[in-house]
Amino acid sequence: MSTADQEWKKGSAELLILSLLEARPRHGYDLAKLIESRSAGALSFHVTTIYPLLARLEERGLVTGRWEEKPEQRRRRYYSLTTKGRKTLAIQRTGWKEFVRAIAQVLESENA
Amino acid sequence: MRDWKSEVRQRLENSGLDGSSEAETVEELAQHADDRYDELLRAGEDDETASRIVRSELGRMEEVSRSRIRRQASAPPEPASNGSWLVDLWRDLRYGARSMRHAPLFTFFAVLTLALGIGANTTVFTVINSLILHPLPVADVSQLAVVYKTQAKTNGQANTHLPVSNADFTEFENRQRSFSSIAAYLGPQVLSLRTQEGYARAFGVFVSGRYFETLGIVPVLGRFIRQEDVLAKGSAPVAVISYNAWRLRFQGADPLGRAVVLNGTPLTIIGVAPKNFLGLDVFFGPDFWIPATMGETILPTQFKQALTDHSKDMFQVFGRLRPATSATTASSEMDALSVAVNQQYGDRNDAARVAVRPLLHELRGGDGGGLVIGSVVLLAIVGLLLAVACANVANLQLARGASRTGEIAVRIAMGARPTRLVRQFLAESLLLSLAGCALGSLIGYGGCRLLWSFLPSEVSANLVSFKLDPVVWFFTVGVSLATVFLFGLVPALRAAQIDVLSGLKQAERSGGRTRRARVFTQTLLAGQVAFSLVCLATAVLVFRSVQRAYHIDPGFNAHSLSIYMMNPEQIGYDTPRVKEFYREIRERVSSEPGVASASWASGLPFWNRASQSVRISGAGEQQKSSLLPAINFTVDVGYFSTMQIPIQRGRVFQLEDNENARPVAIINEQLARERWPGGDALGKELELAGENKPRQVVGIVGIANYTTLGEAPQNCIYVPLRQKFSGGMTLYVRANGAGGSVIESVQRNIRNFDPAMPVTDTRTGDKLVDDTLFSPRMAAGLLGIFGSLALLLASAGLYGAMAYSVKQREKEMGVRMALGASARSIIATVLRQGFKPVLWGLGAGLLGFVVLSRVLSRLLFGISPLDALSLGAGVLSLLTVAFVACYLPALNATRVDPTTVLR
């Protein structure tokens, strides 16, 4: 795991999970795969990372887990956003965008 | 496919997660691993590489379990209390149900144990409640007392509570002052009831006018027999019907004013007795109560002069004591009165005295107290069973509580209030108790039904019914609930004081079990073992005693015997015709193929009571005037050969011993030995009560059992049928094969003679013995059940405790094995530890058995109470069970993988 990977994850993991859950409920493996594929392999979440994170989010009432059975599939635990989770996601997303913009401004001004 | 579940489970071991959280976590993470593994295979990795990658990604799971514990601690996820206790209770119950579901073994054992304890106690308390604590549904039973004759010298006779004659009773009734009311009755007599289908057997009690008034009960319907009904012989052809007979015969329709025909005599029903009222017997009741004045009409032979003759001692007497009078005072008064009556009506009874005893004392088995002893033993056993059940549940709860120390500590650390924890633990206990009580009540109900099934079915309507008593049920349920709540609360209360840090550490280190808790558990286990040993050994002892009882020689050969009870007078036969019937049937049946011999006798084996009926002629003055208690039999020729009662001296009865010949009698050895030196009674004379000519003893026969199996020897006198006519007799048939083989041909012969002849009782000799042993068989059955239950509970307790203790010491075992300890030495260590409480328990159990066997000795047939085989069987089965219960966990201990437990 690269240093960038570790650093990014520390700050942004929660946001990643919340945003991936915004559209629909997903299970842990699905989340890990999505993060990995959408980051083109730059970010990878394993068991020891994603499940403690989900448990923390659940504990804080931002997501809720529920066992679901779908036809011809194994029973899986799906996580979905709570109302509190949606609000938090909105705040974090805004904050993240402002943060990225600020960083970008700093970097661009240095290069200018 | 790889088994990722066990991989994950292994990594989560000792994580402190509770059962449900751990299971969910394992499932979720194993699925993840599975998906990842498939993905790697699809990407072209080989199996080994894929497995290695997944394993390394799984890594160590401290963070996973820590986060999960935090999530678990914030459970239940339901909304916070809104102040409504009902909502809170519902939420706690749901939580309790969930945690019970996640500990199925614990729940199963705890509920089963509680249910067995409650069920067994409910059953036994119900029986004892019906028989001893509330034996009679009458007003103020403590005021009732029985009046009976007793011998000044008992001479080792079995029966010293002798009945009183109606003539004496009438004198007592008119002259006594101790009782506010006094009554007499003749216990259940077999009668034949005419029904639409033919004849049925019924039991009738003949009562004096104040019988019901003295008891102070109220009829369900109509009225009872009153004093004015019974003023003269033959007056009042009426009857009171029992509640059960009313339901059975009239299907609950209004019986008042309807006629029943008993022994050919029509009687009008005037009332229905209360439900569960069986008369003065707590166990067996009649179908009808009939005025004693109707006795001679219904049972002419038996009641001949019974109301006027002072020597016809056949009535039981009881009275209601005046408020300030004690039984002792009444006893002195009645005794003096009896002496005065004797002097007034001749000197015949001067050796007999009259005594008064509280009725309750007599009902509980009198001075011998057999019923009380039996009941106390049973009560002690089921009480201990309940204690063991409670101890087991306590143990299970403590063990479970200890294993939850970690969970509790985390929840407190996360801010859970101790009151909340206590409430949740209480909710769990409540659920546990409810399940236990529900199942226990079913077992209790089943137990009562089982006991009922032991009773002889042909007379079940006349027997006491064991109904589940609500008071009894509440008692046992209360005790069990108290236990469950008490021990269920301990972990929660401890939690209130728990030091979070040390709690967490302790949870990791030892499963949270303190030394005190261990000692407590071991003591409980030893107690259980002791109790189980006592139960088992007692059960084997009583079982062996019953077995022996079947081999007791009753003095006659019961095998290949059958009996048929008949009373030709009941269907209107006059005396010459009855005699003809007896002769004809004896001859016809004797000539049937398969029949060795047949004869008639009054009475049934084991249904006889001694009465003061024999006076020895030509003995000393004192003896001459006194009547001796003896069993009386009127028998036909061939009786002794049919019964196979050995003739010791002299001869048997012959056809020539008729009313024109010299009156003769045959006596048993007991009477001969007691009254004549060297038993030389042949040719001597004796007189029977109510007869004016002496009888010559022509034969001496062996002693038989007349009242119960294995009884103390009683006097017995036989007189020939042709010299002492009896209207109701029993036909005894000796078959060449089994007793039951000739029943059909005998019944056919009787039908051929007279199709209307009612045979009121048909039984084989073996069945007679069997019926006599009803109580010991029931006791053996009950003890057997309790013994097995105790063994089951003890083995479950032992196994649970051992398995738990091995689990606790897993790390220690791991270290030992890592240091080179062999499997044998590990097993030996575990066994040594497990057998400590077992051996202590066996020692205590032996002591308990010695004490109990002293009490039991009077209830046993021909077996020493300290029977080595019974004790040995008990000890051996417990040792076996204990060995298995300790060996299995010990074996598991050797399978511990040191690298896993030490990681």
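Out of the residues in region A:15-57 that are of a type in the set (Asp, Glu) and within 11 Å of chain B (Cβ to nearest Cβ), which is nearest to residue B:38 (Cα to Cα)? It would help to see each step written out before you state the result.
As a first pass, look at region A:15-57 and keep what is of a type in the set (Asp, Glu): A:22, A:30, A:36.
Now drop any that are not within 11 Å of chain B (Cβ to nearest Cβ), which leaves A:30, A:36.
Details: A:30: 14, A:36: 16 Å.
Here the residue is A:30.
Conditions (1) at pLDDT below 75; (2) over 30 Å from residue B:146 (Cβ atoms), marked per residue:
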| residue | (1), (2) |
| --- | --- |
| B:364 | yes, no |
| B:371 | yes, no |
| B:394 | yes, yes |
| B:404 | yes, yes |
| B:414 | yes, yes |
| B:422 | no, yes |
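Could you tell me whether any residue of region A:91-100 is of a type in the set (Gly, Ala, Ser) and buried (at least 16 other Cβ atoms within 10 Å of the Cβ)? Working first, answer last.
Let us first name the residues in region A:91-100 that are of a type in the set (Gly, Ala, Ser), namely A:95.
Filter again for buried (at least 16 other Cβ atoms within 10 Å of the Cβ), leaving none.
Looking through region A:91-100, none of the residues is of a type in the set (Gly, Ala, Ser) and buried (at least 16 other Cβ atoms within 10 Å of the Cβ).
Checking the conditions here, which among B:668, B:608, B:632, B:660 is free of Cβ contacts under 8 Å to residues at least 24 places away in the same chain and not basic (Lys, Arg)? Working first, answer last.
Details: B:668 fails: free of Cβ contacts under 8 Å to residues at least 24 places away in the same chain; B:608 fails: free of Cβ contacts under 8 Å to residues at least 24 places away in the same chain; B:632 fails: free of Cβ contacts under 8 Å to residues at least 24 places away in the same chain.
After ruling out the rest, the residue left standing is B:660.
Answer yes or no: is there a residue in region B:708-725 that is part of a loop (DSSP other than H, G, I, E, B), more than 17 Å from residue B:632 (Cα to Cα) and without any contact (Cβ under 8 Å) to a residue 24 or more places away in the chain.
No: region B:708-725 contains no residue that is part of a loop (DSSP other than H, G, I, E, B), more than 17 Å from residue B:632 (Cα to Cα) and without any contact (Cβ under 8 Å) to a residue 24 or more places away in the chain.
Which one of the conditions (1) buried (at least 18 other Cβ atoms within 10 Å of the Cβ); (2) modelled with pLDDT of 80 or more; (3) under 37 Å from the mean Cα position of the chain (by Cα); (4) over 15 Å from residue B:518 (Cα atoms) does residue B:838 fail to meet, given that it meets all the rest?
(4)
Being modelled with pLDDT under 80 and of a type in the set (Ser, Thr, Tyr), is that true of even one residue in region B:281-296?
No, region B:281-296 has no match at all.
Anything in region B:40-61 that is facing chain A (nearest Cβ under 8 Å) and without any contact (Cβ under 8 Å) to a residue 12 or more places away in the chain? List them, or say none. Let's see the steps before the verdict.
First, pick out the residues of region B:40-61 that are facing chain A (nearest Cβ under 8 Å): B:57-61.
Matches in region B:40-61: B:59 only.
Need at least 1 residues that are in contact with a Ser or Thr (Cβ under 8 Å, 6 or more places away or on another chain) and farther than 28 Å from residue B:465 by Cα per element, so show me which strands (runs of 3 or more DSSP E) inside region B:155-263 make the cut, counting only ones lying wholly within it. Please lay out each step first, then the result.
Details: elements: B:179-195, B:198-207, B:238-241, B:259-262.
Strands (runs of 3 or more DSSP E) meeting the threshold: B:179-195.
Can you tell me which residue is nearest to residue B:568 (Cα to Cα) among those in region B:264-274 that are modelled with pLDDT of 85 or more and not in a strand (DSSP E or B)?
Taking region B:264-274 and keeping what is modelled with pLDDT of 85 or more, we get B:265-274.
Now narrow it down to the ones that are not in a strand (DSSP E or B): B:273-274.
Details: B:273: 30, B:274: 33 Å.
Selected residue: B:273.
How many residues does region B:301-332 contain that are surrounded by 15 or more Cβ atoms within 10 Å (Cβ to Cβ), in a loop (DSSP other than H, G, I, E, B) and hydroxyl-bearing (Ser, Thr, Tyr)?
Going through region B:301-332 one residue at a time, the tally reaches 3.
State which residue is surrounded by the most Cβ atoms within 10 Å (Cβ to Cβ) when the search covers only region B:34-52 and only residues that are out of contact with any helix residue (DSSP H, G or I) (no Cβ under 6 Å at 6 or more places or on another chain) and assigned to a helix (DSSP H, G or I). Break it down stepwise before answering.
Narrowing region B:34-52 to residues out of contact with any helix residue (DSSP H, G or I) (no Cβ under 6 Å at 6 or more places or on another chain): B:38-39, B:42-49, B:51-52.
So of that shortlist, the ones also assigned to a helix (DSSP H, G or I) come out as B:38-39, B:42, B:47-49, B:51-52.
Numbers: B:38: 14, B:39: 15, B:42: 9, B:47: 11, B:48: 8, B:49: 12, B:51: 18, B:52: 13.
Filtering region B:34-52 for residues that are out of contact with any helix residue (DSSP H, G or I) (no Cβ under 6 Å at 6 or more places or on another chain) and assigned to a helix (DSSP H, G or I), the one surrounded by the most Cβ atoms within 10 Å (Cβ to Cβ) comes out as B:51.
Would you be able to say whether some residue in region B:184-197 is of a type outside the set (Ser, Thr, Tyr), surrounded by fewer than 18 Cβ atoms within 10 Å (Cβ to Cβ) and either under 27 Å from residue B:323 (Cα atoms) or touching a helix residue (DSSP H, G or I) at 6+ places or on another chain (Cβ under 9 Å) (or both)?
Checked region B:184-197: no residue is of a type outside the set (Ser, Thr, Tyr), surrounded by fewer than 18 Cβ atoms within 10 Å (Cβ to Cβ) and either under 27 Å from residue B:323 (Cα atoms) or touching a helix residue (DSSP H, G or I) at 6+ places or on another chain (Cβ under 9 Å) (or both).
Does region B:252-270 hold any residues that are surrounded by 18 or more Cβ atoms within 10 Å (Cβ to Cβ) and at positive phi, and which are they?
B:263, the sole residue that qualifies.
Against the definition (at pLDDT 75 or above, within 12 Å of chain A (Cβ to nearest Cβ), in a helix (DSSP H, G or I) and under 28 Å from residue A:64 (Cβ atoms)), how does residue B:31 come out, yes or no? Steps first, answer last, please.
Values: at pLDDT 75 or above: yes; within 12 Å of chain A (Cβ to nearest Cβ): yes; in a helix (DSSP H, G or I): yes; under 28 Å from residue A:64 (Cβ atoms): yes.
Answer is yes for this residue.
Per-residue answers, yes or no, for (1) in contact with a Ser or Thr (Cβ under 6 Å, 6 or more places away or on another chain); (2) touching a residue at least 24 places away in the same chain (Cβ under 8 Å); (3) surrounded by fewer than 18 Cβ atoms within 10 Å (Cβ to Cβ):
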{"site": "B:844", "(1), (2), (3)": "no, yes, yes"}
{"site": "B:849", "(1), (2), (3)": "no, yes, no"}
{"site": "B:852", "(1), (2), (3)": "no, yes, no"}
{"site": "B:855", "(1), (2), (3)": "no, yes, yes"}
{"site": "B:863", "(1), (2), (3)": "yes, yes, no"}
{"site": "B:868", "(1), (2), (3)": "no, no, yes"}
{"site": "B:872", "(1), (2), (3)": "no, no, yes"}
{"site": "B:877", "(1), (2), (3)": "no, yes, no"}
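From the list B:525, B:486, which one is modelled with pLDDT of 70 or more, touching a Leu at 6+ places or on another chain (Cβ under 7 Å) and of a type in the set (A, V, I, L, M)? Break it down stepwise before answering.
Details: B:486 fails: touching a Leu at 6+ places or on another chain (Cβ under 7 Å).
Being modelled with pLDDT of 70 or more, touching a Leu at 6+ places or on another chain (Cβ under 7 Å) and of a type in the set (A, V, I, L, M) holds for just one of B:525, B:486, which is B:525.
Report, by residue number, each residue of region A:58-93 that is at the interface with another protein chain (Cβ under 10 Å from one of its Cβ atoms), touching a strand residue (DSSP E or B) at 6+ places or on another chain (Cβ under 8 Å) and either touching a residue at least 24 places away in the same chain (Cβ under 8 Å) or under 21 Å from residue B:36 (Cα atoms) (or both). Step through it out loud before you land on a result.
Going through region A:58-93, the residues at the interface with another protein chain (Cβ under 10 Å from one of its Cβ atoms) turn out to be A:58-61, A:64-65, A:67, A:74-77.
Add one more test, that the residue is touching a strand residue (DSSP E or B) at 6+ places or on another chain (Cβ under 8 Å), and what stays is A:58, A:64-65, A:67, A:75-77.
Once the filter is applied, which keeps residues that are at the interface with another protein chain (Cβ under 10 Å from one of its Cβ atoms), touching a strand residue (DSSP E or B) at 6+ places or on another chain (Cβ under 8 Å) and either touching a residue at least 24 places away in the same chain (Cβ under 8 Å) or under 21 Å from residue B:36 (Cα atoms) (or both), region A:58-93 yields A:65, A:67, A:75, A:76, A:77.
Yes/no per residue for (1) charged (D, E, K, R); (2) closer than 14 Å to residue A:15 by Cα; (3) assigned to a helix (DSSP H, G or I):
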| position | (1), (2), (3) |
| --- | --- |
| A:42 | no, no, no |
| A:78 | no, no, no |
| A:84 | yes, yes, yes |
| A:105 | no, no, yes |
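Under 30 Å from residue B:219 (Cα atoms), of a type outside the set (A, V, I, L, M, F, W, C), in a loop (DSSP other than H, G, I, E, B) and touching a strand residue (DSSP E or B) at 6+ places or on another chain (Cβ under 9 Å), is that true of residue B:286?
Values: under 30 Å from residue B:219 (Cα atoms): yes; of a type outside the set (A, V, I, L, M, F, W, C): yes; in a loop (DSSP other than H, G, I, E, B): yes; touching a strand residue (DSSP E or B) at 6+ places or on another chain (Cβ under 9 Å): yes.
Answer is yes for this residue.
The values are calculated or read from the model by the stated rules, or taken from the named source; none is laboratory data. Given the structure is predicted, the values throughout are model-derived calculations rather than measurements. Cβ: placed from backbone, ideal geometry, glycine included. Neighbour counts: every protein chain shown.
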